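Since the structure comes first, as structure tokens, the remarks are kept for the end.
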Amino acid sequence: MENTTIDPNIFIFATRNGTDFFGRDEMLKVLVALIPCGKRRYGLSYEDVEKGLPLIDTSKTLIREVCPPFLSNVECRPGKYRRYDGLCTNLQHPTWGATMTPFTRLIGPLYADGITAPRISITGNQLPLPRIVSRTVHPDEGFHDHAGTVMVVAWGQFMDHDYTLTATPLDPLNRNEPEECCHRPPHLKNPYCLEIEIPADDYFYHKHGVRCQDFVRGFPAIRPGCRLGSRTPFNTLTGVIDANTVYGVTEKFARHLRAGYSGLLRMNPAFSDYGLKDLLPLKLDIPDEGCTRPNRSIVNEQLVLACMHTLLAREHNRVAHALALINPHWDDETLFQESRRIVIAEVQHITYNEFLPIILGKEVMHKFGLLLQKEGYWDGYDPEVNPNVIDAFAAAAYRFGHSLLPTAVERWSKAHKFIGKCLMVTNHLFKKIGARFGLDLASFNMQRGREFGLPGYMEFRKFCGLPGADTFEELFGTMTNETIHRYSSIYEHPSDVDLWSGGVSERPLPGSMVGPTFACIIATQFSYSRRGDRFWYELGNQPSSFTPEQLQEIRKARLSRLICDNTDLIDTIQVYPMVLPDHEINPRVPCRSGILPGIDLTKWAEFPTVASGPALVGNIATGTIYDGIGK
């Protein structure tokens, strides 16, 4: 379709109401409502919508006057430190990898109306309710056949929060998603409500009289240049691995997190009198943000994730303290940015060196070019690779970890003795204090995929070079026979199977925790995040590059060392904490034994003579600084 087939003037009134201009949200609402009208009026095909509409140059219309400036005319200059918002990660394509930009689609979307309505069956009928799929195919049986520890889930969730946060409507009071979708009349509901219907005969929820689960759709994205097209959700985080879980995604928020001296992050020395390390600072602005507690007297938090945030914040301050000793002439800004650069590199290295091999297996790592180099610089940066987060990764594939959640999170002492456990099961997600039920995570995942317009599981199998199936019988060998039988009892056609459901049902690849479809999507995302990141820690010939000596030190980074250096009670730990301990191949070792090497930060000395004496150099080199900044 030529870009003159549709008259751009039909969209002009979307941005002007007399002499008053709409704001961003109003513009979005009008455009999203308007494009289906144009589709019906002009008889647009799928190709017209997906490939033709984006060709329309809206800068020739009044839309240009309200188009957000951060998506156009961004001026980039090469520098040593990456921006918080991800802009200018790519000098030729400044918005690639930046916050507030659309998710990348590997496959064109499938909306019921071609523009915005959630996906339906290829027969034209409605898909089975997500709750029916969940209770039929994904009952929580509490069995997990893998050698991974809870640290796999912990690091995976921590990385998920580095990668993706779908933009959704937020309650103006506590910044949570609106919870009153199910129990409000239509005229009082948030317009983005897309409740998950619970069947009347549900074996679990009917006992509690529950017929509905709250759910809100993601906001539609403004495309770079305010181009037109079908609905695309957007990411409020960056597409690169930049530890924004530690530092935030805006300069303003990053400043709020900083102590303002010595390159340090603000922390809470609540137990310093007892010789214990700092905790995260208290959240005083919107204390209930992200909480599901029923009243202000209850504390509610995801403890494993809070532990990861605490570890990395402590690591930043540990590194900043050490760099201040090595380079006493560095000011607060230099100490902060250099510490941030090192922590980001540690996160990248641990993710690709310890986390991904467990998830994907070495064969997939090799196939997708994810294996790290042992020495020297890596030259794989490609300015034509967009590191933005893939929609299928965010809404389905990376949610594979939900199937790894243990039935209970166990607590063990420093001597590795069992203390107790906290139950987690499918029907109890975000259960409020005193409540007898929570949300169904599997249903939530499938609803998210449908409202994103994700094509079904079968389309992604084909994308990944795997055989498709026109009958359920053709899936034999891909997953268990019982699972295939259950699918055939609720779906009309194999092409209808939701991506998350089909992906977690596949038999895992050898040495992997996921099947071939999710392995393909996850590996593709991590390939993009590495090849499309100009600040990637292994790169040479960039303003941000480490020296060869510094890079070799970064390669010593291990999660076990990170835990040893930044906890109070752990004395021994297995070499690879994401894998169950084994006396021969993954033994527990003392933190102080020297078996777990630390990063020698003296390699960051700007003037080597500044380091005051061999004792200081030796202690920093082994990661055992005893003046309160290391263990």
Query raised in the report: When residues of segment 108-120 are filtered for being touching a Leu at 6+ places or on another chain (Cβ under 8 Å) and among the hydrophobic types (A, V, I, L, M, F, W, C), how many remain?
Result: 2
Report task. For segment 241-278, name all the residues that are among the aliphatic types (A, V, I, L, M) and touching a helix residue (DSSP H, G or I) at 6+ places or on another chain (Cβ under 6 Å). Result -> Ile241, Ala243, Val246, Ala254, Leu264, Leu265
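Within the group Gly229, Gly248, Gly239, Gly260, which residue is among the small types (Gly, Ala, Ser) and touching a Ser or Thr at 6+ places or on another chain (Cβ under 9 Å)?
Residue meeting the stated conditions: Gly239.
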Query raised in the report: Considering only residues of segment 225-264 that are β-branched (Val, Ile, Thr) and touching a strand residue (DSSP E or B) at 6+ places or on another chain (Cβ under 8 Å), which is surrounded by the most Cβ atoms within 10 Å (Cβ to Cβ)?
Result: Val246
Query raised in the report: Within segment 446-467, is there a residue that is in contact with a helix residue (DSSP H, G or I) (Cβ under 6 Å, 6 or more places away or on another chain), crowded, with 16+ Cβ neighbours inside 10 Å and free of Cβ contacts under 8 Å to residues at least 40 places away in the same chain?
Result: no
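So how many residues does segment 447-482 have that are in a helix (DSSP H, G or I) and either not assigned by TED's automatic domain parsing to the domain that holds Leu499 or not hydroxyl-bearing (Ser, Thr, Tyr) (or both)? Show your work before the answer.
Going through segment 447-482, the residues in a helix (DSSP H, G or I) turn out to be 447-451, 457-463, 472-475, 481-482.
Next, only the ones that are either not assigned by TED's automatic domain parsing to the domain that holds Leu499 or not hydroxyl-bearing (Ser, Thr, Tyr) (or both) stay: 447-451, 458-463, 472-475, 481-482.
Here the count works out to 17.
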Query raised in the report: Failed condition for Lys207, given (1) loosely packed, with under 14 Cβ neighbours inside 10 Å; (2) within 30 Å of Ile107 (Cβ to Cβ); (3) not aromatic (Phe, Trp, Tyr), with all others met?
Result: (2)
Report summary line: Counting only residues in segment 189-243 that are among the charged types (D, E, K, R) and not in a loop (DSSP other than H, G, I, E, B), the one farthest from the chain's Cα centre (by Cα) is identified as Lys207
Report task. Would you point out the residue of segment 244-274, among those that are assigned to a loop (DSSP other than H, G, I, E, B) and without any contact (Cβ under 8 Å) to a residue 24 or more places away in the chain, that is farthest from the chain's Cα centre (by Cα)? Result -> Phe271
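Among the residues of segment 77-87, what is the count of those that are surrounded by 15 or more Cβ atoms within 10 Å (Cβ to Cβ) and of a type outside the set (Phe, Trp, Tyr)? Lay out the reasoning, then the answer.
From segment 77-87, those surrounded by 15 or more Cβ atoms within 10 Å (Cβ to Cβ) are 81-87; that's our starting set.
Those left that are additionally of a type outside the set (Phe, Trp, Tyr): 82-83, 85-87.
Of the residues in that region, 5 qualify.
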Requested in this report: Could you list all residues from segment 482-520 that are under 17 Å from Ser443 (Cα atoms) and among the charged types (D, E, K, R)?
Outcome: Arg486, Asp496, Asp498
Query - Residue, surrounded by the most Cβ atoms within 10 Å (Cβ to Cβ), within segment 579-631, restricted to residues that are at pLDDT below 50, assigned to a loop (DSSP other than H, G, I, E, B) and among the aliphatic types (A, V, I, L, M) - result: Ile625
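For segment 309-368, please list each of the helices (runs of 4 or more DSSP H) lying entirely inside it that holds at least 1 residues being surrounded by fewer than 21 Cβ atoms within 10 Å (Cβ to Cβ) and either touching a strand residue (DSSP E or B) at 6+ places or on another chain (Cβ under 8 Å) or touching a residue at least 24 places away in the same chain (Cβ under 8 Å) (or both).
Details: elements: 332-350, 356-360, 362-367.
Where helices (runs of 4 or more DSSP H) fall fully within segment 309-368 and carry at least 1 residues being surrounded by fewer than 21 Cβ atoms within 10 Å (Cβ to Cβ) and either touching a strand residue (DSSP E or B) at 6+ places or on another chain (Cβ under 8 Å) or touching a residue at least 24 places away in the same chain (Cβ under 8 Å) (or both), they are 332-350, 362-367.
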Query raised in the report: Would it be correct to say that Asn386 is closer than 18 Å to Trp604 by Cα, assigned by TED's automatic domain parsing to the domain that holds Met159 and touching a strand residue (DSSP E or B) at 6+ places or on another chain (Cβ under 7 Å)?
Result: no
Query raised in the report: Is one or more of the residues making up segment 373-388 surrounded by 14 or more Cβ atoms within 10 Å (Cβ to Cβ), among the aliphatic types (A, V, I, L, M), at pLDDT 95 or above and under 28 Å from Leu454 (Cβ atoms)?
Result: yes
Requested in this report: Working only within segment 86-109, note down all residues that are in contact (Cβ under 8 Å) with a residue 24 or more places away in the chain, closer than 16 Å to Thr250 by Cβ and either in a loop (DSSP other than H, G, I, E, B) or among the hydrophobic types (A, V, I, L, M, F, W, C) (or both).
Outcome: Gly86, Thr89, Thr95, Gly97, Ala98, Thr99, Met100
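For segment 88-101, what are the residues that are on the phi < 0 side of the Ramachandran plot and surrounded by fewer than 22 Cβ atoms within 10 Å (Cβ to Cβ)? Don't jump to the end; show me each part of the working.
At the first step, the residues of segment 88-101 found to be on the phi < 0 side of the Ramachandran plot are 89-96, 98-99, 101.
Scanning segment 88-101 gives Leu91, Gln92, His93, Pro94.
How many of the residues making up segment 480-496 are free of Cβ contacts under 8 Å to residues at least 60 places away in the same chain, surrounded by fewer than 18 Cβ atoms within 10 Å (Cβ to Cβ) and either within 18 Å of Leu509 (Cα to Cα) or aliphatic (A, V, I, L, M) (or both)? Before you say what the answer is, go through the steps one by one.
Here is the first cut: in segment 480-496, the ones free of Cβ contacts under 8 Å to residues at least 60 places away in the same chain are 480-482, 484-485, 488, 494.
If we keep only those that are surrounded by fewer than 18 Cβ atoms within 10 Å (Cβ to Cβ) too, we end up with 480-482, 485, 488.
Of the ones still in play, those that are also either within 18 Å of Leu509 (Cα to Cα) or aliphatic (A, V, I, L, M) (or both) are 480-481.
Residues meeting the conditions: 2.
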Query raised in the report: Are any of the residues in segment 335-346 on the phi > 0 side of the Ramachandran plot and modelled with pLDDT of 95 or more?
Result: no
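The values are calculated or read from the model by the stated rules, or taken from the named source; none is laboratory data. Computed from a prediction, not measured in an experiment: that's the story for all the values here. In this analysis, Cβ positions are derived from the backbone assuming ideal geometry, glycine residues included, and neighbour counts consider all displayed protein chains.
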